[in-house]
1. Is it possible to state the helix-based mean residue ellipticity at 222 nm for the chain, with each DSSP H run of 4+ residues giving -39500 (n - 2.57), the sum divided by total residues, to the nearest 500 deg cm²/dmol? What is it?
2. To the nearest 20 debye, what is the magnitude of the charge dipole of the chain about its Cα centre, counting +1 on the Cβ of each Lys and Arg and -1 on the Cβ of each Asp and Glu?
3. Within straight cross-link reach of K94, meaning Cα distance under 18 Å, which lysines are found once same-chain residues fewer than 8 apart are removed?
4. Taking R0 as 45 Å, what's the FRET efficiency between W157 and K94 from their Cβ-Cβ distance, rounded to 0.05?
5. Among M152, G95, L85, whose Cα lies farthest out toward the positive end of the dipole of the range 77-191, if unit charges sit on the beta carbon of Lys, Arg (+1) and Asp, Glu (-1)?
6. Answer with one residue from L201, H39, C129: the one whose Cα lies farthest towards the positive end of the charge dipole of the chain, charges on Cβ with Lys, Arg +1 and Asp, Glu -1.
7. Can you tell me the order of 235-241, 51-57 when each peptide is scored by its average per-residue count of other Cβ atoms within 10 angstrom, highest first?
8. Using only Cα atoms and rounding to the nearest 10 degrees, what angle (0 to 90) does helix 206-217 make with the longest principal axis of the chain?
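The values are calculated or read from the model by the stated rules, or taken from the named source; none is laboratory data. This is a predicted model, so every value here is computed, not measured. In this analysis, Cβ positions are derived from the backbone assuming ideal geometry, glycine residues included, and neighbour counts consider all displayed protein chains. Accessible surface areas use protein heavy atoms only, side chains included; no ligands, DNA or RNA. Shrake-Rupley method; radii C 1.70, N 1.55, O 1.52, S 1.80 Å.
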Amino acid sequence: MYADTQNDITRQVVRVAQLLLAYGADSELVEDISQRLGHALGLESVELSISSNSLVLTSLVHGRCVTTTRRLREHGLNMTVVCELLRICLLTEKGIYGANDVKRRVAAIRPSTYPAWALIPMIGLSCACFCQLFGGDNMAFVMTFLASSIGMAVRLWFAKRHFNVLVNFAVTAFVISLVAQLAYVFPLSQTPTLVMAASVLMLVPGFPMINAISDMVKGHINVGISRWAQATLLTVSSVIGITMAMQMGGLLL
């Protein structure tokens, strides 16, 4: 393998690893796909070191090492991208894709998202269903749907304008809690506390916490701790927003 070919393949493999981490894959999956893709493209060895905000990849061919470093920038969870990268890896292992095909396919990947008009009511409905499961009455269901839908619209508005995610969560939690307090101001529901509890469930950072635990269990302690800290900060931001809204509404004395 020529040096230029090794360099090009190494760039493709590290790009795949970078995208996997950016869109929510756990560290073990990133290492596995990177090594399998590198071997399928002709590299003898692929070694990957992952930290909280960067990754270092080294490839080996005929005793020649190529090392490259990439900075990680999170783009939010998107399993469509992760699945597409896994599919590229599988097709490369089967010999269907070559290095040029991988380069073209990876460059063509675009994260697909649900439109806001579909996402907002579905999030509201999911939180309202949780309220119903907790024992809320029909009016609690309606008010939870209203609060969660408004909160999701606010969250998407801030995300579209690239606000800091901590600010996003704090403001969203504040707005949701303010709207949910209408269950106390207008006593139409017999279970107003469930409205307050269920409407903010959309802000629970479940996926980052799962990834954090998965990384720590599989030996990626530093990355796991980093993801756990991020999930904790998101939770604290939500709590700050909820507390401010409850204080403003007189629910906290």
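1. Details: 11 runs with 167 residues, N = 253.
So the helix-based figure for the chain works out to -21500 deg cm²/dmol.
2. On the way: 18 positive and 14 negative charges, 124 e Å.
Here the size comes out at about 600 debye.
3. Here the lysines satisfying the reach criterion relative to K94 are K103.
4. Working: r = 44 Å, r/R0 = 0.97.
Efficiency, rounded to the nearest 0.05: 0.55.
5. G95
6. Projecting each Cα onto the dipole axis, the largest value belongs to H39.
7. On the way: 235-241: 18.7, 51-57: 16.1.
Listed from highest to lowest mean packing, they are 235-241, 51-57.
8. With both axes taken from Cα atoms, the answer is about 50 degrees.
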